[in-house]
1. Net charge near GLN75, counting Lys/Arg +1 and Asp/Glu -1 over other residues with Cβ under 15 Å of its Cβ?
2. Be a star and scan the range 46-61 for residues whose amide nitrogen sits under 16 Å from the point 7 Å along the Cα-to-Cβ vector of ASP25.
3. Please report how far the C-alpha centroid of the range 53-72 lies from that of the range 1-39, rounded to the nearest whole angstrom.
4. Kindly identify the range 1-55 as rounded, prolate or oblate by the Cα gyration tensor criterion: order the square roots of the eigenvalues as a ≥ b ≥ c, call it rounded if a/c is under 1.5, otherwise compare a/b with b/c, prolate if a/b is larger, else oblate.
5. So what is the relative contact order of the range 2-79, in percent, for Cα pairs below 8 Å that sit 6 or more residues apart?
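Every number here is computed from the coordinates shown, using simple stated rules; none is lab data. Model, not experiment: these values are computed from the prediction. Cβ atoms come from the backbone with ideal geometry, glycine included; neighbour counts cover every protein chain shown.
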Amino acid sequence: MTGTLYGLYWLYKTAKQLDAGTDQDLTPILAVIPVVNIIGVWQISNAAEAVTDQSGVVLFLLFVVFGPISWFLIQSGINGTAAN
């Protein structure tokens with residue numbers, strides 16, 4: 001239960017960070033609404049291209065198949081960008 005709640009929280013906060021830090025126009029609330037969240041995940045994946053070395057399609061597929069790998073890649077990219 002808490003893992004699911006944290007995952008939704010992480011998606012929302014990450015979408016807000018990427019919306020503020022990139023030129024992408026994201027809708028963070030889409031990341032937490034069931035069924036529609038696939039659109040939010042797609043937006044996050046494409047926006048994360050700016051902070052990772054991965055394509056948006058690869059990040060999206062990782063979200064769908066095994067989320068923690070995409071979380072790691074995106075969060076590492078955000079942290080690396082913030083450190084510079």
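1. On the way: positive: LYS13, LYS16; negative: GLU49, ASP53.
Computed value for this residue: 0.
2. Answer for the range 46-61: 47.
3. The distance from the Cα centre of the range 53-72 to that of the range 1-39 comes to 14 Å.
4. Working: a/c = 1.85, a/b = 1.64, b/c = 1.13.
Verdict is prolate for the range 1-55.
5. Across the range 2-79, relative contact order equals 20 percent.
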